[in-house]
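Note sheet for the following structure.
The values are calculated or read from the model by the stated rules, or taken from the named source; none is laboratory data. Quick caveat, the model's predicted, so the values are computed rather than measured. Please note: Cβ atoms are built from the backbone with ideal geometry, for glycine as well, and neighbour counts cover all protein chains shown. Only protein heavy atoms, including side chains, enter the accessible area calculation; ligands, DNA and RNA are left aside. Shrake-Rupley method; radii C 1.70, N 1.55, O 1.52, S 1.80 Å.
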Amino acid sequence: MKSHTQVVVIGGGVVGCSVLFHLAKHGWTDVVLLERDELTSGSTWHAAGGMHTVNGDPNVAKLQKYTIELYKEIEALSGQATGVHLTGGVMLAATQARMDWLRGLVAKGRYLGIELEEISAKEAGEIMPLLDPKEFVGAVRTVVDGHLDPSGVTHAYAKAARALGAEVERFTRVEDIVRREDGLWRVITNKGEIITEHVVNAGGLWAREVGRMVGLELPVLAMEHMYLITEDMPEVKAWNDKTGTEIIHAIDFDGELYLRQERGGMLMGTYEKANKPWSEFETPWNFGHELLEPDIDRIAPSLEIGFRHFPAFQNTGIKQIINGPFTFAPDGNPLVGPVRGLPGFWVACGVMAGFSQGGGVGLALANWMIHGDPGADIWAMDVSRYGDWASMAYTNAKVRENYSRRFSNRFPNEELPAGRPLKTTPIYDLLSAKGAQWGAAYGLEIPLWFAPEGVGDEFSWRRSTDFEHVANECRTVRTSVGLSEISGFAKYRVKGQGAEAWLDKMLACKLPKPGRMTLAPMLKEDGKLIGDFSLANLGNGEWFIAGSGIAEQYHMRWFEKHLPKDGSVTIEALGPRLTGLSIAGPNARNLLAKVTRADVSAAAFKFMDVKKLDIGMAPCLVGRVSYTGDLGYEIWVKPEYQRAVFHSLMAAGEEFGIGLFGSRALNALRLEKNYGSWAREYRPIYGPLEAGLDRFVAYGKDADFIGKAGALAERASGGRLRLRAFIVETDDADVIGDEPIWFSGEVRGWVTSGGFAHGSKASVAMGYVPKEIADESGGFEIELLGKRYPARIQPALLFDANLERMRG
Ligand SMILES: Cc1cc2nc3c(=O)[nH]c(=O)nc-3n(C[C@H](O)[C@H](O)[C@H](O)COP(=O)(O)OP(=O)(O)OC[C@H]3O[C@@H](n4cnc5c(N)ncnc54)[C@H](O)[C@@H]3O)c2cc1C
């Protein structure tokens, strides 16, 4: 074994081997994979080997497609058979709601280049002869689906990597990992030690234990999972003989089942409701090639449905039941990327569908390590989407919920209850008493809307029970004044003698003068967006930044990576140590004037001013800015004062008929101003010009800000895309995001977000289209729930088009 290397990959499952292959393929060949046993000795060896492209997140779906298309390449490079059978497949819906969801997938597939076709239940029965069409309302046919040999694929990755110069050390267990003062890592094994620049934790079932070696508690948990294999079935043989093809892969969402042919019989697996975590606290090191005891009672309810939906199963015997563990993150997507605070330590774990996702995970991680960027939009898999609030107990609750709902519908207005409430602000009970309906973001409870007694969300793809109440909240804001809680934003304090120069380099905007704020795009080296913030200069070298709450860890990782080593700048994420309230509407100034002695007149407190002032007796930081696009203020206050400030504002607002509004109303209001948001309109695949943020980029400023060359190049070339806001002529549903945008009969773009803009009574969609068609006055349609609706680009802002109200 080598004593020094550039990268150590820990784990010889399908994921570690894919990472090794991709590093070697992209030029890093001084890499060693350490496996404590034989390759595949974790969850990999007993996988059912199914693969498919479908994923709720379109970017993950793209990487799944990449993974499946890669198998031919690694087979050719390694000479190792992967056993890939691209049978195609069918996804089945037994309910109309599930069919609506499937139609959304077909629509997404159009711009992702994933071939999906809606078919009737009868047609499904013609291509998948074991199903009973009477049990289904419809289906979607898939092309890039099938199954493979898990061990063959893993060895093919490893052999191909070795052929490129990478090394694999089997029976070498990593026992500890220690960071040296010079930043290199000591990887201590039962066979000696390796010094390395980078460590990749691809420990699969032991990823948690490997994380703990460096003080990291990763949010992953293994779950027991069962599938059965039948005796040979005459129906299968008859089909094989008749068509010369295998029975295709099937997912029966309402039965929570997946199926495929296995030799002369069938394999059926299920995500049972009565699920069971495995090794909740610690994975035993002596676990290897053994299986867990099957528990047929647990899966019996699913099998009962399965045997009804696929009657041929009633006449066959079960040859074997496999029960094995594999890991999940709380939302079921992988955990990939560099870990904040541990330079050179990377993770590629929590991969629950290794044979659909392993290739994409390996590619993204190799790109990230070699080029400093994953090369694709992998937010849905980024390890930084969790903070330390994702504790072991939270993870346990969430993973179990996710497992039990793996094939369940999730409606756009459905908030999942497990692991909540976790983080709450001091006014949680006050807002609950006013009917707050809660959602959770980054572990924090966020008020979505305020419901009258006895009313709640009815889950639906269409407009629902909240519609009229959210409309009322919007009306209160636009006609008088509304108050909302905004603690969910990420808040950062930047200080130090080097702060100004550092911010000038990190952010693409012109820095504001003391007492002023600005919108601040942040770019990556390639000139694409990596953040959008509001930046306030508090004077005396102190700066305040507010940004996307869900991206706090993501942004802190970026900020810290770029901090000067001399300690001249400090940045702190304030998290729950700073809470926020916002007031907005034509009476917002009158309200603020009533609760403070400070001069908040239009002349003294201008749009984009920021001031420290007292509200009642509580010291606050107040910025004159509002995401509602109205006259408004954001009020930042320490949590111990939040209740007092809330009471002051509510009491003083009574004479104006103040009302509470939640994040759904905020969404409706911001759509009237075409304001985008992080992870929706603004993502690391768009440039500032494409995203319409170029007006905040100080292309000519002296500072050589990160991404300047890329941003200038984008400006010179005009970029590829444009963000546009559309009015959609829908009837009873609004876009939620990821719907295709049609132009002249072809899919040319995609929706990033939208909803009903109550104030203007318009259904609005924001999305990207190629710049060539971005100023067309007609010809657009947006596909929603299987139907194409006429859409037109908004010629002007729907509310306050000349900004008089906001700036007045
Ligand atoms: C019953 C069952 C059915 C499944 N069906 C499918 C399916 O149809 N399709 C699909 O895509 N996925 C399926 N999966 C999931 C799939 O198996 C996983 O997604 C995949 O195996 C994850 O691979 P991995 O490399 O991340 O982890 P693992 O396979 O667990 O590999 C981790 C490796 O790291 C090694 N290791 C850990 N710690 C150390 C250390 N300290 N030192 C050295 N080595 C270490 C382990 O020995 C192990 O070999 C199924 C899983 C199960 C259990």
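Within region 272-290, is even one residue open to solvent by less than 10 Å² (accessible area, probe 1.4 Å) and more than 20 Å from residue 220 (Cα to Cα)? There is no residue in region 272-290 that is open to solvent by less than 10 Å² (accessible area, probe 1.4 Å) and more than 20 Å from residue 220 (Cα to Cα).
Given 250, 202, 207, which one is more than 10 Å from the ligand (Cβ to nearest atom) and assigned by the TED database to the domain that holds residue 133?
Details: 202 fails: more than 10 Å from the ligand (Cβ to nearest atom); 207 fails: more than 10 Å from the ligand (Cβ to nearest atom).
Residue meeting the stated conditions: 250.
Here residue 48 passes the criteria (1) within 12 Å of the ligand (Cβ to nearest atom); (2) open to solvent by 20 Å² or more (accessible area, probe 1.4 Å) except the one numbered (2). Take the conditions within 14 Å of the ligand (Cβ to nearest atom) and either more than 26 Å from the chain's Cα centre (by Cα) or not in a strand (DSSP E or B) (or both) and apply them to residue 77. Does it pass? Taking the combined requirement at face value, the residue does not satisfy it. Among the residues of region 58-69, none qualifies, meaning not one is at positive phi and more than 15 Å from the ligand (Cβ to nearest atom). From the list 489, 459, 411, which one is under 28 Å from residue 544 (Cα atoms) and either out of contact with any Phe, Trp or Tyr (no Cβ under 8 Å at 6 or more places or on another chain) or open to solvent by 30 Å² or more (accessible area, probe 1.4 Å) (or both)? Sole residue among the options that is under 28 Å from residue 544 (Cα atoms) and either out of contact with any Phe, Trp or Tyr (no Cβ under 8 Å at 6 or more places or on another chain) or open to solvent by 30 Å² or more (accessible area, probe 1.4 Å) (or both): 489. Being part of a strand (DSSP E or B), more than 13 Å from the ligand (Cβ to nearest atom), touching a residue at least 24 places away in the same chain (Cβ under 8 Å) and among the small types (Gly, Ala, Ser) is not true of residue 341. Pairs are defined by a Cβ separation below 6 Å, a sequence spacing of at least 6 or placement on different chains, a first member in region 581-607 that is more than 13 Å from residue 630 (Cβ to Cβ), and a second member that is part of a loop (DSSP other than H, G, I, E, B) and β-branched (Val, Ile, Thr); the pairs so defined are 592/600; 593/600.
Close contacts from region 95-115, counting a first residue that is open to solvent by 10 Å² or more (accessible area, probe 1.4 Å) and a second that is in a helix (DSSP H, G or I), with Cβ to Cβ under 7 Å and a gap of 6+ residues or different chains, come to 108/58; 112/58; 112/61; 112/62; 114/61; 114/65; 115/109. From the list 60, 15, the one residue that fits, being of a type in the set (A, V, I, L, M, F, W, C) and modelled with pLDDT of 95 or more, is 15. Looking across 329, 366, 397, one residue alone is without any contact (Cβ under 8 Å) to a residue 60 or more places away in the chain and among the hydrophobic types (A, V, I, L, M, F, W, C). It is 397. For region 10-20, the criterion of a residue being surrounded by fewer than 22 Cβ atoms within 10 Å (Cβ to Cβ), in a helix (DSSP H, G or I), of a type in the set (Ser, Thr, Tyr) and in contact (Cβ under 8 Å) with a residue 40 or more places away in the chain is satisfied by no position. Take the conditions touching a residue at least 40 places away in the same chain (Cβ under 8 Å), outside any loop (DSSP other than H, G, I, E, B) and among the β-branched types (Val, Ile, Thr) and apply them to residue 747. Does it pass? For residue 747, the condition - touching a residue at least 40 places away in the same chain (Cβ under 8 Å), outside any loop (DSSP other than H, G, I, E, B) and among the β-branched types (Val, Ile, Thr) - is met.
Selection of first residues in region 199-222 that are free of Cβ contacts under 8 Å to residues at least 60 places away in the same chain and of second residues that are polar (S, T, N, Q) and more than 8 Å from the ligand (Cβ to nearest atom), restricted to Cβ pairs under 9 Å at least 6 apart or on distinct chains, gives the following pairs, ordered by first then second residue: 213/201. Among the residues of region 557-606, those identified as within 23 Å of residue 475 (Cβ to Cβ) and in a loop (DSSP other than H, G, I, E, B) are 585, 586, 587. Taking (1) in a helix (DSSP H, G or I); (2) more than 11 Å from the ligand (Cβ to nearest atom); (3) closer than 30 Å to residue 2 by Cα; (4) open to solvent by 10 Å² or more (accessible area, probe 1.4 Å) in turn, residue 24 satisfies each apart from (4). Can you name the residue in region 305-329 that is under 29 Å from residue 351 (Cα atoms) and outside any strand (DSSP E or B) and is also nearest to the ligand (Cβ to nearest atom) among such residues? If we take residues in region 305-329 being under 29 Å from residue 351 (Cα atoms) and outside any strand (DSSP E or B), then 329 is nearest to the ligand (Cβ to nearest atom). Scanning region 790-801 for any residue that is open to solvent by less than 60 Å² (accessible area, probe 1.4 Å) and either under 15 Å from residue 747 (Cβ atoms) or assigned by the TED database to the domain that holds residue 590 (or both) turns up at least one such residue. Scoring residue 182 on the criteria (1) within 14 Å of the ligand (Cβ to nearest atom); (2) outside any strand (DSSP E or B) leaves a single failure, condition (1).
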